[in-house]
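Report on one structure; see the data block that follows.
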Amino acid sequence: MKNTEKLLLGLASTFAAGAVLGILFAPERGDKTRRKILRSGKDLFKKVDHTLDDGKESLEEVRDILMDNLEKVTYKIQKIS
């Protein structure tokens with residue numbers, strides 16, 4: 001696991017734990033508290049999923065750039081030979 005992944009996982013875990021603790025100590029009925037916890041969890045997973053999608057898109061862009069550069073270098077090498 002890369003450092004960036006560890007950092008994101010740590011931040012997400014800390015955020016989730018803080019949200020759950022904040023909700024658990026709130027003076028509301030249990031059913032409202034459970035709904036808030038569920039909603040917070042769903043929101044967190046949506047954010048993580050969105051972040052992963054953005055990361056995937058960025059990696060695909062980098063891959064495309066590298067492939068284009070590789071093709072250019074390959075063409076130049078073939079032209080020289």
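The values are calculated or read from the model by the stated rules, or taken from the named source; none is laboratory data. Treat the numbers as computed from the prediction; the structure is a model and nothing was measured. Cβ sites come from the backbone with ideal geometry, for glycine too, and all protein chains shown count toward neighbours.
Odds and ends about this structure:
- Of the residues Thr51, Thr33, the single one that is in contact with a Leu (Cβ under 9 Å, 6 or more places away or on another chain), within 21 Å of Glu5 (Cβ to Cβ) and at pLDDT below 90 is Thr51.
- The set of residues in the range 1-41 that are surrounded by fewer than 11 Cβ atoms within 10 Å (Cβ to Cβ) and among the basic types (Lys, Arg) comprises Lys2, Lys6, Arg29.
- Filter result for Leu21 (modelled with pLDDT of 85 or more and either part of a helix (DSSP H, G or I) or not hydrophobic (A, V, I, L, M, F, W, C) (or both)): no
- Listed by first and then second residue, the pairs with beta-carbon distance under 8 Å, at least 6 apart or on different chains, first residue in the range 1-25 and in contact (Cβ under 8 Å) with a residue 24 or more places away in the chain and within 16 Å of Leu44 (Cα to Cα), second surrounded by 11 or more Cβ atoms within 10 Å (Cβ to Cβ) and aliphatic (A, V, I, L, M), are Leu8/Val48; Ala12/Leu44; Ala12/Val48; Phe15/Leu44; Ala16/Leu44; Ala19/Ile37; Ala19/Leu44.
- The set of residues from the range 26-78 being closer than 27 Å to Leu9 by Cα and either touching a residue at least 60 places away in the same chain (Cβ under 8 Å) or of a type in the set (Lys, Arg) (or both) comprises Arg34, Arg35, Lys36, Arg39, Lys42, Lys46, Lys47, Lys56, Arg63.
- Unique residue being under 17 Å from the mean Cα position of the chain (by Cα) and surrounded by 10 or more Cβ atoms within 10 Å (Cβ to Cβ) when the list is Leu66, Leu44: Leu44
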